[in-house]
Amino acid sequence: MDIEKVYKDSGALLEGHFILSSGNHSRFYLQSAKVLEQPQTAEMLAKALAEEIRASGIHIDTVVAPALGGILAGYELARALGVRSLFVERKEGKMELRRGFEISQGEKILICEDIITTGGSAMEAMEIITQLGGEVVAFGALANRGFCKRVGSQGEAKSNCKLPCGVSFFALGDFEFEIYSPEDCSMCKEGSIAIKPGSRNA
Ligand code: ZN
């Protein structure tokens, strides 16, 4: 699976001069929702991810996604695995399981995101699932931003990865970009103006 090509072809991998949510600058920006714009692409990616998870032998009862970013990826992954698909969402800043969704005691849960950066939302989802009696046995994402260590990659997790090291993390590939502080950005020094991709046409 050439995940970089799939993202590029979907228009989900942008090249330019961008302001990341951290405030740092980068030549690249992942617009992950774009890769799920074509349901056929979403299905293909989820099937590939499901294959890796199956090959690991880890049993999954249910996929849980943190809203909003993880919902489509989680739903497609659940379909590919033949299991239930739930999502957790924020209410007044706190992650909750709502809408009549229920978790059984000891239910084996995979937390799914479209992309894992440091894994903050995935960890918040794990906390609420654990409180409700579920057992988080794996994390999954279509893409890994390179801070956390996915199953099959050689690198080590960076210090800002929030995922617990004892739980497997599956993803189809790594996107490791150089990031620059605004004061130390060569593109800024050349007079280029960084943009926030979400507000390009605003
Ligand atoms: Zn810059």
- Message: If you restrict to DSSP beta bridges whose two residues both lie in the chain, what percentage is antiparallel, to the nearest 5?
- Response: 30 percent
- Message: Within 10 Å, at most 16 other Cβ atoms, and a DSSP state outside H, G, I, E, B define an exposed site. Report the longest part of the chain free of exposed trypsin sites (Lys or Arg not before Pro).
- Response: 1-97
- Message: For a quick check, take a GNM of the chain with Cα springs below 10 Å and name the residue from Cys112, Cys185, Cys148 with the largest mean-square fluctuation.
- Response: Cys185
- Message: Show me, for region 80-86, the HN-Hα J-couplings you get by feeding each phi into the Karplus relation (A = 6.51, B = -1.76, C = 1.60, θ = phi - 60°), rounded to Hz, glycine and proline as x.
- Response: 5, 8, x, 10, 6, 10, 10
- Task: Put one equal scatterer on each alpha carbon of region 1-125, apply the Debye formula with no solvent term, and list log10 I(q)/I(0) at q = 0.14, 0.19, 0.21 1/Å to two decimals.
- Result: -0.67, -1.13, -1.28
- Rounded, prolate or oblate: which one fits region 52-202, using the alpha carbon gyration tensor with axes a ≥ b ≥ c (rounded when a/c is under 1.5, else prolate when a/b beats b/c, else oblate)? prolate
- Candidates Ile71, Ile19, Ile115: whichever shows maximal mean-square fluctuation once the chain is modelled as a Gaussian network with Cα springs under 10 Å: Ile19
- Message: Please list, in order along region 5-19, the HN-Hα scalar couplings obtained from phi with the Karplus expression 6.51 cos²θ - 1.76 cosθ + 1.60 (θ = phi - 60°), rounded to whole Hz, x for Gly and Pro.
- Response: 5, 4, 5, 4, 5, 8, x, 8, 10, 8, 10, x, 9, 10, 9
- Note on the structure: Taking a ≥ b ≥ c as the square roots of the eigenvalues of the Cα gyration tensor, with a/c under 1.5 meaning rounded and otherwise prolate when a/b exceeds b/c and oblate if not, region 1-57 is prolate
- Could you pull out the GluC sites (Glu not before Pro) across region 110-168 that fall in loop regions by DSSP (anything but H, G, I, E, B) with no more than 16 other Cβ atoms inside 10 Å? Glu156
- Message: Compute a Gaussian network model of the chain, connecting alpha carbons closer than 10 Å, and tell me which residue from Leu68, Leu81, Leu13 fluctuates the most.
- Response: Leu68
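Throughout, read-outs are computed from the coordinates displayed, never taken from laboratory work. Quick caveat: nothing in here was measured; it's all calculated off a predicted structure. Positions of Cβ are generated from backbone atoms using ideal geometry, with glycine treated the same way; all protein chains shown enter the neighbour counts.
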